[in-house]
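See below for the structure under consideration.
The values are calculated or read from the model by the stated rules, or taken from the named source; none is laboratory data. Note that the structure is a prediction, hence the values are computed from the model and not measured. Virtual Cβ from ideal backbone geometry, glycine too; neighbours counted across all protein chains shown. These area figures cover heavy atoms from the full protein model, side chains too; ligands, DNA and RNA do not enter into them. Shrake-Rupley method; radii C 1.70, N 1.55, O 1.52, S 1.80 Å.
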Amino acid sequence: MPPRVQITVAKSAGFCPGVKNAIDKVLELSAQRQRTIYTLGPLIHNKQVIETLKEKNIFAVKSTEEIKEKGAILVIRAHGIPPEEEARIRALDLEVVDATCPLVKHVQKNIAAHAAKGYSTIIVGDADHAEVLGLMGYTAGRGYVVSGPEEVKKLPRLEKANIVAQTTQEADIFLAAAEEARKITGELAVSNTICNPTKLRQEETVQFSKRSDLVIVVGGKNSANTARLFQICERGARKAVHIEQEDELTPALFEGVKSIFITAGASTPTWMTDKVLEKVRELAGHEEAGLLDQVSFAWKLVITGSLYTALAATALTYVCMRLEGAPVSGKFLLMAGLFAFSLHMAHRAAEKGGAEPDRARRLLFITYKRASRVTSVACGALAIFLSAALGWEIFLAAAFFWAVGMLYPYKLPMGLERFANFPASKDFVTAFGWAFMCAYAPGLREGWALGNSTQLAVFFAFLLVFTRSVLFGVSHAHSDLITGRENFYKAAGPRLTYFTLASIFLLLSAILLTLKGNGWRPELASALLTGMLYYLALMLFFFFGRIPERVTAETLIDAQFLILAGLTYSVK
Ligand code: SF4
């Protein structure tokens, strides 16, 4: 068997904090205000992301003259703009929101402070890059832009100068330019303003380029920072390519290659890098890859096609029925599975998030779009039909939750859009729906709607499903998908998210421990407590940043229900 090809994906790949922050800011504005939002230039150069933003009423303009309506919101993107331009747009009848990256602001302040003391400014960067054009505005008219040390030699002699770097500049070029600048200045202040995310990205690239046979740089051909990353790779690696998307890769590129490093620019979404990784695995894998690829693709279809979700909902229903002491009913298991399948499938079909669909999504939601929709609606109808046989209250509630769930991803009528924009609405709606179908409905059927065991099961199901939904949100955000405040993680931020999840873990564990201590079905309580250890491990895994790509993340998250069902089944 030929040796396995080693593939490493840069830890630093994905949106930089400045780009992430600007995207989050416009999404938050779009959720809070019912007005059109304009950005001065595109937030990132990615067709899918721009299309998704347009659907949320967020448009990129080249100049304010393109904005016709009064009172519109205008966002300054992460690169920043010159102060005189900012003063001009603030005087217009627009609401200006500044999303300049704090690290770019730091450079602007540095330049302005030195300029106020009489220093000229030398900016090592690309003269026509938006960030550099913005920085020039802070130089009090005494600014020079150079691309590197060679251009410093052409500058006039300067008595006092401050040399700064464009935030995405290459460290070696900046230091060499500073050395040259010493020769033409009386007094030189060296301000290395390359931002930390860029430094980490470049250091990692240098380190891995040296030990890899092939380096693949993913990102827009018109992105300055990606181009710079590629230059670093070209110097250090045996072979390097710069691609925008996975179909630019050819089998010839991988001949004789044993180690591959994949890195990406600051505005390349993680999902795009994931797609390249998938293609690299396909083209560079060894003999077994054919079978592995097929298995992996089949699993992707199971996850993307919502079958795994249906299984998870069925497993949770089983756990809840055991918790309630209700007889295990096949009808409820089937109803919950169909309900979850129907809604998950409908959401998947409507989901965009700025990502280009992968192979599994293309097959299910583009090639077999109609069949997927019909299956989703048919399964929902079957779930409601089953609920009708279980009692009119169950039927009405199932129909209500199903209708809300089906409408949720679309533009809601009668101002209900505000409801969808409510922070964490998606996580709450999902948790309520599942808690009803998996826990409340079986109790209701037995006439225990207000019974302690039913309430316990509902509480348990609600919190576990809420956690599941929040972790899905974390995984989506980690993949740089365009998601907003409807996800708890986006609305609350990482700290509050992990604090909430840890609190849920402690609360559920404490309840189970108390029940066990009080002699309430101790074996069942012990089984569920053992299952909570998986919850804890999952939390820690995500907390320490080991968030896998979406399919693996979803596999791990929903596995908690299967584990709980297995442990519960083992108890008499
Ligand atoms: S590259 Fe650095 S400075 Fe520029 S937006 Fe990203 S984090 Fe901010």
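Structure values in brief
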read-out	value
Qualifying lysines (Cα of each under 17 Å from Cα of Lys572; at least 8 residues distant if same chain)	Lys516
Approximate spin-label separation Glu255-Ala502, in nm, with each point projected 7 Å along Cα-to-Cβ	5.5 nm
Helix runs (DSSP H) in the chain reaching 15 Å along axis by Cα, Kyte-Doolittle at least 1.6	392-407
Simple spin-label estimate for Thr530 and Val571 in nanometres, 7 Å along Cα-Cβ	1.0 nm
Calculated FRET efficiency for the pair Thr552/Lys210, C-beta based, R₀ 35 Å, to 0.05	0.75
Cross-link table Lys352/Lys490; Lys11/Lys275; Lys25/Lys47; Lys25/Lys105, entries beyond 21 Å C-alpha to C-alpha	none
FRET efficiency, Trp299 to Val328 (Cβ-Cβ, R0 30 Å, nearest 0.05)	0.60
Solvent exposure, largest accessible area first (probe 1.4 Å, DNA, RNA and ligands not counted), of Lys221, Lys62	Lys62, Lys221
Residue-normalised accessible area of the stretch 298-569, expressed per residue, 1.4 Å probe, Å²	43 Å²
Convex hull volume per residue in cubic angstrom - Cα atoms of the chain	176 Å³
Shape box of the stretch 298-569 [Cα atoms, principal axes, largest first, Å]	53, 46, 40
Within the chain, longest stretch free of exposed chymotrypsin sites (Phe, Trp or Tyr not before Pro) [DSSP loop, at most 15 other beta carbons within 10 Å]	1-367
Expected 222 nm ellipticity per residue - DSSP helices of 4 or more, -39500 (n - 2.57), all of the chain, to 500	-18500 deg cm²/dmol
Normalised contact order of the chain, rounded percent, pairs of Cα under 8 Å and 6 or more residues apart	13 percent
